[in-house]
Structure formats: structure tokens, C-alpha cells
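Q: Have a look at the structure that comes next, please.
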Amino acid sequence: MGGKRAFRVGLQTRRTEETSMSSYADFYRRSIDDRDAFWAEQARLIDWQTPPQTICDYSKPPFAKWFVGGTTNLCHNAVDRHLKDRAEQPALIFVSTETDQEKVYTFRELHAEVQRMAAVLKDLGVGKGDRVLIYMPMIAEAAFAMLACVRIGALHSVVFGGFASGSLATRIEDAEPKVIVSADAGSRGGKAVPYKPLLDEAIRLSKHKPGAVLLVDRGLVPMTLEAGRDRLWAAERDKHLNTQVPCEWVDATHPSYTLYTSGTTGKPKGVQRDTGGYAVALAASMKHIYDGRPGETYFSTSDIGWVVGHSYIIYGPLIGGMATIMYEGLPTRPDGGIWWQLVEKYKVTVMFSAPTAVRVLKKQDPALLSKYDLSSLRTLFLAGEPLDEPTAQWISGALNKPIIDNYWQTETGWPILTVCNGVEPTPTKFGSPGKAVYGYNVKLLDDQTGAELTGANQKGVVAIEGPLPPGCMQTVWRDDARFLNTYWSSVPNKLVYSTFDWGIRDEDGYYFILGRTDDVINVAGHRLGTREIEEAVASHPNIAEVAVVGVADQLKGQVAMAFAVLKDASILGDEAALLKLEGEVMKLVDGSLGAVARPARVRFVHTLPKTRSGKLLRRAVQAVCEGRDPGDLTTMEDPTALQQIKDMVGGKA
Ligand code: ATP
Ligand code: MG
């Protein structure tokens, strides 16, 4: 099917002087064939207290140990080591359009704040190996807390602010934190969202009780403090204005944090990450993938509750000596130009966002994009979900900048597929995140037999042969068996890591992600990715967004059902207009993929059910269409979206 697509190829023009020595193909091959030498070289990008003795210990597959014998510290690499050359340079730029605050912390100031936080955590009994749960809005103190944890060898477990008590309670039980760091409230669209009552309730529900709760009082809503347990950050901080807390040198394999996946396909999984491998992977990615240089500014619009926030708001940019913007607020407030205003003001060179956020901007006045001086910006990276061609084309046209799609997972911590322009300028193809990233031995496998698919344009499961490269998950937190059973046991006859995504690779080595393996639709023996159908549907000029799911059908096995959000919603009540539109959309699908892929129905909804991280909850839509229980919905953003679909299909499609 790949041959049927016509992709536009855009060439990136920038080249980094020092890395022009090797072609990307050579670079990649070396990372696989000469793995240890390759990663030993990358390991020089960070500071070690003791250099590693063994680059990769893969004696107990699939458990990989990277940089064994080495000792280092993430906080040292993100903060302390920059004091020598760039102490007065901005490190953390906190911007809140919710509270109208803006504060720039230099590396020297960040170093001081992190030490104060580390001293307070130590006072509260936190030591090496202990867990600290961070349930915070996007404020600077959240960054201090993360960095303070890794500074003293404690593990952080950041839980997205705004998760309800139930989800929070499960995570408290799983992490068993000694201390929880939180705040009175977050804020969204100018309205305070109280956190403290949710946290109190979560602690009440949880079997595990933290020894202490450290609270940042932003003055947004009143808080009641529980005597003996709750402490205020401002007061505790005052006790440690000049306290120095040295970095705890930990083994490269010492866990740095745990973090949950988005819960798109089921119950979220607790990913455990190491220290040395992660630091090396991020340092290397800043150079080879993001091409960000020390002294520049990186702006990721994600949230610290997600993996993008961990890797590319906090650790990656700081390890790379860049300033990082931590933005609290909507992309549309005070108006849809706010991101670009920040790019201009802070001379952002590298930007990272998600297609879902770009689609929000697409509905805004396009003039807002040309209002600001964006000359500093080199590239916009997007990740998290399929980047559909209309969205990619719109944003690249509007910005006139290269757009690079990154494909990766919470589990991997950094990109699996993309183009590495820091190694060699590489053309991008719309619809494809790019090629296999160095270090990842990516394979396409037949999900029935496990056989490797080596030909062009064959559909298979995207899998990674072990060892996973540095930076990827070590295991599922406290559950090695789940790590093995979930990720390494799904392909028959092979110990291989499954991404649970479905893809093809073209003759040039570019991959195209077709959807989740769970989302493959089997219509009368034809296997179709939901993504392919969604793209065809979304090519209609009045479709803003669409979810396609396979629904059980007595005759055909399964049929596709589409739920779409309109750009012009004014026709929503007009049955005749909607019917006409449905016909047009079906015709489009027939034309691009053939009649087998044509959705049985195209229904129009106000909004689609998504996770808090902005991912389509197709499995919930599918369950509702088939009249089944939609399962774990704890990470769902807006329950009314699913309700609307439920009402529409009445339990059956
Ligand atoms: P869970 O694993 O709990 O079901 P999740 O898979 O959505 O949730 P994440 O780790 O946040 O959790 O998301 C990773 C997934 O997102 C990938 O496996 C893939 O399905 C999708 N994804 C990420 N980036 C891209 C991309 N650039 N193109 C297509 N799909 C992407
Ligand atoms: Mg996943």
C-alpha cells in the first residue's frame, strides 16, 4: 500500500560543521554493529565521577545494564557542570500566562534553588533510593523538586497535575513515596484548579501514607494544612538559603525515576529509568537529533507529567547547556500567538510540541503566526501521535520552518524514529517520522510468525531487538515479570521488544506508523491501520480531527467506524448537510484506499475522547460502539466526549 501514497519531500538545509564527517547510514550502522565503541564515544558527552568499566552488560536479556561501573549524577550534568562556563546564563525560564508571572533562573540561581529543595527533602527524611511523588502544576518549583531528587539519589515519580484522587492514590500506592511535593492549586484558562483537596483525598484512599507533604502555596486557593504532615515550601526554604547539598554520585544503573505511560491502550505501566544511560542518551540526542547548542533556548510545550516533559523540558535541554522554557498556560491565551511571542522574546532555536496542540492552533487566526519574529527558530519537532499530512502541511506552511516528526514512547524516553539532522541533513517525508534512530535495532515483524519483513512496504509490528539502547526503560517498577510479559513476549518465537505499533518501511528506509497493533481493523480479511483511514478522512477540508475504530460485524468480521470533529461546526444540527458530508468523506476514502476501507458510518461529534496527554482513546470508542465496558478510563480528559458517542450509537453501532 505504501506505493500508493505520494509524499512530498522537503530537504533540510542546515548542516553542523563538526558532524558532517559521516553519513547517517554509517553512523547508524556503527551504533548497531560496533555498539560498545559507539556508546563509549557518546558517553564522553557527559561528566562521570568514575568512568564506566563495561559499556553494555546484556548477560541477562532482555535486562540491559548500561555503563556499568560508572558513577555519575543527573543533576550534576544538568546544572552543576555548567557553572564553570555559563553560571549567569538563563537555565530555567518560567512563564505563566495563568498567573502572569515570568521569572528567569540562571544556572547559578537554579543551582541554589535545587540545593535548597534538596536540603528540605533531606530534612524530611528523603535519602538515596527513596521515592518522592511530585504532583505539581507547571511551576519552577516542580523542576527544582525533580532535580533535587536526582541530586540526592532519590527517585521522583511525577504525576500529571490534575489527575483525580483515584489515579493519584494508585500511583501513591505503587511508588510508596516518603514525601509528596505538591501545591495549593494549578490553573487552567485563568481558573484555579485546587490540588490540595484531591491530594488529601488520594492520601486517604491510599494504603501507603507519605511521611510528609511539602506544599508550594501559590496563593491561588486557601489550603488547610494537616499538622505534623504538611509543610510549606516557603518556610522550609528559608531555613536553607545557604545550605549546600553536594551531588550524590550514584551507579549508572541507579534508577532516576518512575513514570507512567499515557494509558491509551489500558492500565498505565510504571516505567523505571536508569541514570547514566539516560544522561548519555539525552546528551547525544541534543546533538544528533535536536541540534541544540549550549547558550540557546529550547521550548517544549509539553507538561512535566509526561515523558516529553522529563526528557525535553527538564533534563535534555539542561544537560545540553541550553535554557529551557517551562510554560504554564494554554496555547490560546491571551491569544493564539503566545507561543510565537515567547519564541521571539527568548530567541528560541528548538521547539517541541504535539500534533494535538498544533490542531488547536489551526483553529486560530493565522495572522498570529506571522506577527512575531521567528528568525531564531530552526526546527519544530512534533511527537506523541501520528502527524497527519494536513496538520504537518499547515504548520510548516504557516511557520516556514522545517517540521520534524519524532516517534517514541514513554518506555524509550527518547526518539526511536526520526531524522537526525545533527548527523547529516536528511530529507523528511510527510507522513513518516523518518528512519530508525541510532542505537535502536528496529525491525518490522510478522505478528503471526515473528518472521522479519525485509522487503519495502510490508506491514508489520515495529519491534526493537535487544538490548534497548541507553535511556530506555530498565524494567516495570517493581515488576520484572510484567516487563517481560508485556513487552518481550508478544512476538512468537522471538525475544524482541514490541512497540505495539504497526508500520511499514519504504525502499529508502523511512517508516510510516499505521496505528496501534490493537487498532488494526480486519475487514473481510483485509488488514487496515486506523491511521490510514483517519488520514483519508481528514483530507476532507471540513474535517479537523477524526478517530476510526474497528467494530465487530457479523458479515465482514469488522467494519470501520469514523467519528469526526468538524472545522466548521455550524452544520452540526443540519442532518441533510451532515449526510452529504458523510457521502463526500466516504468517497474520499474509496479514492485513496479503496472501498474496503470505507467507514460504515462517519458520525460527527463536538470533541473526541482523549487521554490527558492528548491521545485518542480509540479502545474506549471501540468498546462503546460494541456495547462493551470501556475499561480503565482514569487518564481520560473529558468524559462528555465518550458519552456523546455512547448516546449516538446507543450501545451498538
Ligand atoms: P499506554 O502505553 O499506556 O497505552 P501510550 O502508548 O499512549 O499509552 P505513550 O508512551 O505516551 O503512551 O505514547 C507512545 C505511543 O504514542 C506510541 O507507541 C505510538 O502509538 C504513539 N506515538 C508517539 N509518537 C508518535 C508519532 N510520531 N507517530 C505516530 N504515533 C506516535
Ligand atoms: Mg504505549
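The values are calculated or read from the model by the stated rules, or taken from the named source; none is laboratory data. All values derive from a computational prediction rather than experimental measurement. Positions of Cβ are backbone-derived with ideal geometry, glycine not excepted, and every protein chain shown enters the neighbour counts.
Q: Restricting attention to the range 222-250, which residues are of a type outside the set (Lys, Arg) and buried (at least 17 other Cβ atoms within 10 Å of the Cβ)?
A: Within the range 222-250, MET223, ASP230, TRP233, GLU236, HIS240, VAL245, CYS247, GLU248, VAL250 qualify.
Q: While we're on this one: Across the range 370-391, which residue is farthest from LEU468 (Cα to Cα) among those that are modelled with pLDDT under 95, crowded, with 21+ Cβ neighbours inside 10 Å and more than 16 Å from ligand 2 (Cβ to nearest atom)?
A: THR391
Q: I'm trying to understand the selection: among the residues of the range 497-551, which are closer than 18 Å to ALA623 by Cα and part of a strand (DSSP E or B)?
A: Result: GLY515, ARG516, ILE521, ASN522, VAL523, VAL546, ALA547, VAL548, VAL549, GLY550, VAL551.
Q: Being assigned to a loop (DSSP other than H, G, I, E, B), crowded, with 19+ Cβ neighbours inside 10 Å, more than 16 Å from ligand 2 (Cβ to nearest atom) and at pLDDT below 95: is that true of GLY422 here?
A: No; evaluated as a whole, the condition is false for this residue.
Q: Can you name the strands (runs of 3 or more DSSP E) wholly within the range 249-364 that have at least 2 residues being within 14 Å of ligand 1 (Cβ to nearest atom)?
A: Values: elements: 257-260, 270-273, 297-300, 323-328, 348-353.
Passing ranges, in order: 257-260, 270-273, 348-353.
Q: Ok, one more. Of all residues in the range 610-634 being over 17 Å from GLY515 (Cα atoms) and in contact with a helix residue (DSSP H, G or I) (Cβ under 7 Å, 6 or more places away or on another chain), which is surrounded by the most Cβ atoms within 10 Å (Cβ to Cβ)?
A: VAL624
Q: Right, here's the next one. Need pairs with beta-carbon distance below 7 Å; first residue among the aromatic types (Phe, Trp, Tyr) and within the range 243-269, second part of a loop (DSSP other than H, G, I, E, B) and within 16 Å of ligand 1 (Cβ to nearest atom); sequence gap 6+ or separate chains.
A: Close Cβ pairs (under 7 Å, with a partner that is part of a loop (DSSP other than H, G, I, E, B) and within 16 Å of ligand 1 (Cβ to nearest atom)) amount to TYR260/PRO268; TYR260/LYS269.
Q: Working only within the range 281-323, note down all residues that are within 11 Å of LEU74 (Cβ to Cβ) and β-branched (Val, Ile, Thr).
A: Once the filter is applied, which keeps residues that are within 11 Å of LEU74 (Cβ to Cβ) and β-branched (Val, Ile, Thr), the range 281-323 yields ILE314, ILE319.
Q: Looking at ALA577, ALA623, which one is under 27 Å from the mean Cα position of the chain (by Cα), farther than 24 Å from LEU382 by Cα, part of a helix (DSSP H, G or I) and among the small types (Gly, Ala, Ser)?
A: Values: ALA577 fails: under 27 Å from the mean Cα position of the chain (by Cα).
The conditions single out ALA623.
Q: Looking at the range 101-144, which of the residues that are under 24 Å from GLY219 (Cα atoms) and basic (Lys, Arg) is farthest from the chain's Cα centre (by Cα)?
A: Ranking the qualifying residues of the range 101-144, first place goes to ARG116.
Q: Moving on. Which strands (runs of 3 or more DSSP E) does the range 177-217 wholly contain that include 2 or more residues that are of a type outside the set (A, V, I, L, M) and surrounded by fewer than 20 Cβ atoms within 10 Å (Cβ to Cβ)?
A: The strands (runs of 3 or more DSSP E) meeting that bar are 191-194.
Q: Quick check on this structure: which one of THR258, THR264, THR224 is within 16 Å of ligand 2 (Cβ to nearest atom), farther than 17 Å from ALA154 by Cβ, β-branched (Val, Ile, Thr) and in contact with a Lys or Arg (Cβ under 8 Å, 6 or more places away or on another chain)? Even if it seems obvious, please write down each step before you answer.
A: Values: THR258 fails: farther than 17 Å from ALA154 by Cβ; THR224 fails: within 16 Å of ligand 2 (Cβ to nearest atom).
That would be THR264, the only listed residue that is within 16 Å of ligand 2 (Cβ to nearest atom), farther than 17 Å from ALA154 by Cβ, β-branched (Val, Ile, Thr) and in contact with a Lys or Arg (Cβ under 8 Å, 6 or more places away or on another chain).
Q: What's the number of the only condition in (1) surrounded by fewer than 21 Cβ atoms within 10 Å (Cβ to Cβ); (2) touching a residue at least 60 places away in the same chain (Cβ under 8 Å); (3) aliphatic (A, V, I, L, M) that ALA87 fails to meet?
A: (2)
Q: So which residues in the range 1-46 are at pLDDT 50 or above, surrounded by 15 or more Cβ atoms within 10 Å (Cβ to Cβ) and assigned to a loop (DSSP other than H, G, I, E, B), if there are any at all?
A: Residue satisfying the conditions is ILE46 alone.
Q: All but one of (1) assigned to a helix (DSSP H, G or I); (2) within 30 Å of ARG333 (Cβ to Cβ) hold for ALA235; which doesn't?
A: It is condition (2) that ALA235 fails.
Q: Just wondering, is there one or more residues in the range 538-558 that are closer than 20 Å to GLY614 by Cα, buried (at least 20 other Cβ atoms within 10 Å of the Cβ) and within 12 Å of ligand 1 (Cβ to nearest atom)?
A: Checked against the condition, which is being closer than 20 Å to GLY614 by Cα, buried (at least 20 other Cβ atoms within 10 Å of the Cβ) and within 12 Å of ligand 1 (Cβ to nearest atom), the range 538-558 yields no hits at all.
Q: I would also like to ask the following. Inspect all residues belonging to the range 587-607 and state whether any of them is within 16 Å of ligand 1 (Cβ to nearest atom), under 24 Å from GLY162 (Cβ atoms) and part of a loop (DSSP other than H, G, I, E, B).
A: No; the residues of the range 587-607 include none that is within 16 Å of ligand 1 (Cβ to nearest atom), under 24 Å from GLY162 (Cβ atoms) and part of a loop (DSSP other than H, G, I, E, B).
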